[in-house]
Amino acid sequence: MMKKHSVLLKEELCEGCTNCVKNCPTKAIRVHHGKAIIKGELCIDCAECIRTCAYHAKYSMTDSFADLEDYAYPLVLIPPSFYSQFRKVSPLEVKNSLFKLGFKEVLDVSLAAEALSIKTAEFLEEHHGVFISSSCPVVVRLIRLLYPELTEHLLPFKPPVDVMAEKAWQDVMTRGISPEDIGIFFITPCPAKYTNIFSPLGFEKSYIDKGISVDQAYQAILEVRKEDNSAEKAGSGKDNPGKASPVEGTQETVLPYLGMGWGQSGGELRIMPESMQERSLSVSGIHRVKALLDEISRNNIKGIKYFELAACNYGCVGGVFNVVNPYQARFNLRRLQVKGSRPVEQDYGQYNYDLPGKFEPLRIGQLDTDLEKAMAKFMQLEKEIELLPGLDCAACGAPDCKTLAEDIVNGLASRSDCIFLLRKQVGELADRMSALAHELPPVMKKEKKDR
């Protein structure tokens, strides 16, 4: 069975508290019979439910280092935010540890990120209109689902990781390595980027084969360094762990420090010319992004040419797979970013940035595919909304009264799910029972005689 999402539910841990229901930006979660239910067609893998669940009932799983055994030539792609997890370990030491874990090549997505920033700036200068970055898969899914009118404003480029993955695959193929032997791994900071491996946006198939979460990679690197330090103290003669292993055809001493800035909100814009930065805006955090998209759809934002949007707070450093808190991570990343005054010199034409087609809006949320039935349901929906109290308390298990009304119309809920309507009904029933208690049966009632 093909996977569709990487945000999952442990039902046995769910306490039915509705925190996830109230915080889901797409209203994809309901609570029925004391347990949460995730509606797959509305889930965008933003991981807000993972962040807000106090009982750890929401989780996400990725692949592991054991999967390296399936490939004769495994490669790994390092996202810009990954280096932010280390304060006393240099990028070269991180890469060297990944070689020792079994990867044949260790590649920086930051290189493709720098190239994509330059390409984006050129595209924006050549095209009229307003555009939105398409690098965050959560933002793309959110727009396709809730703001279909804005899909045409999404930048028609692949995310940096997919741009880098395609180039890496082609480079390895030119060396005569069999496609079956190649395994491209990505160290992912969030569930959405992992979902994008098996369910990519804007193209049929990803060049990435497996995804390993940041926390797994972080712990594995610490173990490698611990072993190296122990061996060094024992005088075993192992290689110096501070020196990166050589990679054919690359300059390991040249690091894309500016591109690492992509790991936090605003990093993409900082590589662009100042003239474009002045006409761009960076916003992070799914609820702030949603509020901004509301304003854009109402045409309330003026003078901005480009929006760099990230679903996680502060960008990818805020992903749920990260180990270090986003504040420390931002500081660590900024210390690295200042080491690069300009992008790494490279051939920007070596990458394939373009999506093969356009992003298509999702047609979800229709009351019925049949127009006549949809109109009847719409009329019923308005009546249900009028009946409900409009408090949006989520005690019914739906995020708000309007959503409960939709569920009632679609036969997925009932009015008695609303505690306020239920209390009113019980009160009315109690009044009727009280009145009935003082009533005599008809046979015992005496007729009043006329005087």
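GluC sites (Glu not before Pro), restricted to region 260-304: which are DSSP loop and have at most 12 other Cβ atoms within 10 Å?
Details: sites: GLU268, GLU274, GLU278, GLU295; in loops: GLU278.
Here the GluC sites (Glu not before Pro) that fit, given the DSSP loop and packing criteria, are GLU278.
If the chain between ILE301 and VAL130 were fully stretched, how many nm would it gain, using 0.36 nm times the residue separation less the Cα-Cα distance?
Numbers: separation 171, 0.36 × 171 = 61.56 nm, distance 1.03 nm.
60.5 nm is the gain from fully extending ILE301 to VAL130.
Going by amide H atoms built from the backbone, whose H comes under 5 Å of the H on LEU355, apart from near neighbours?
Those lying under 5 Å, H to H, from LEU355 are PHE157, LYS158.
Out of the trypsin sites (Lys or Arg not before Pro) in region 363-417, which ones are loop residues according to DSSP with at most 11 other C-beta atoms within 10 Å? Intermediate values should be presented prior to the final figure.
Details: sites: ARG363, LYS373, LYS377, LYS383, LYS402, ARG415; in loops: ARG363.
When the trypsin sites (Lys or Arg not before Pro) of region 363-417 are filtered for loop state and at most 11 Cβ neighbours within 10 Å, ARG363 remain.
Given points 7 Å out from each Cα along the Cα-Cβ axis, report the ASN410 to ASN325 separation in nanometres with one decimal.
3.9
Normalised by the number of residues in the chain, what is the relative contact order in percent for Cα pairs under 8 Å and 6+ residues apart?
Numbers: 733 pairs, mean separation 93.5, N = 451.
Normalised by residue count, the contact order of the chain is 21 percent.
Modelling each spin label as a point 7 Å along the Cα-to-Cβ direction, I'd like the ALA291/LYS35 distance in nm, to one decimal.
About 3.6 nm separates the two model spin labels.
If you line up the long axis of helix 137-146 against the longest principal axis of the chain, both from Cα atoms, how many degrees apart are they, to the nearest 10?
Computed tilt is about 30 degrees.
For the chain, treating each Cα as an identical point scatterer without solvent, what Debye log10 I(q)/I(0) comes out at q = 0.06, 0.07, 0.11 1/Å?
Each listed q corresponds, in turn, to -0.34, -0.43, -0.92.
Express in nm, to one decimal, how much length is gained between LEU422 and SER341 on full extension, taking 0.36 nm for each residue of separation and deducting their alpha carbon distance. Before the final figure, lay out the partial values.
Working: separation 81, 0.36 × 81 = 29.16 nm, distance 6.47 nm.
The span from LEU422 to SER341 would gain 22.7 nm if fully extended.
Do any GluC sites (Glu not before Pro) in region 327-396 lie in a loop, going by DSSP, with at most 10 other beta-carbon atoms within 10 Å of their beta carbon, and if so which?
Values: sites: GLU345, GLU372, GLU382, GLU384, GLU386; in loops: GLU345.
For GluC sites (Glu not before Pro) across region 327-396 that sit outside H, G, I, E and B with at most 10 neighbouring Cβ atoms in 10 Å, the list reads GLU345.
Using the 10 angstrom Cβ neighbour count as an exposure proxy, how do ARG141, ARG335 rank, fewest first? If you can, show how the numbers build up before the last one.
Numbers: ARG141 24, ARG335 13.
Going from least to most buried by this count: ARG335, ARG141.
May I ask you to sort PHE331, PHE198, PHE359 by Cβ crowding, counting other Cβ atoms within 10 Å and putting the fewest first?
On the way: PHE331 14, PHE198 17, PHE359 21.
With the fewest neighbours first, PHE331, PHE198, PHE359 line up as PHE331, PHE198, PHE359.
Determine, for ARG144, ARG30, the number of other Cβ atoms within 10 Å of each Cβ, and report the residues in order from fewest to most. Display every interim value, and only then the final one.
Details: ARG144 20, ARG30 25.
Neighbour counts put them in this order, fewest first: ARG144, ARG30.
Among 62-69, 73-80, 179-186, how do they line up by average Cβ neighbours within 10 Å per residue, starting with the highest? Numbers along the way, then the final one.
Values: 62-69: 15.4, 73-80: 24.4, 179-186: 18.8.
Top to bottom by mean Cβ count within 10 Å: 73-80, 179-186, 62-69.
Restricting the count to DSSP beta bridges whose residues both fall in the chain, what percent are antiparallel, rounded to a multiple of 5?
Roughly 25 percent of the beta bridges in the chain run antiparallel, per DSSP.
What FRET efficiency would be calculated for the residue pair GLN380, ARG279, taking the C-beta separation as r and a Förster radius of 56 Å, to the nearest 0.05?
FRET efficiency, GLN380 to ARG279: 0.75.
FYI, it's all coordinate maths here, none of it is from the lab. Every value quoted in this text rests on a predicted model; they were computed, and no experiment measured them. Neighbour counts are summed over all protein chains in view; Cβ atoms, including those assigned to glycine, are modelled from backbone coordinates with ideal geometry.
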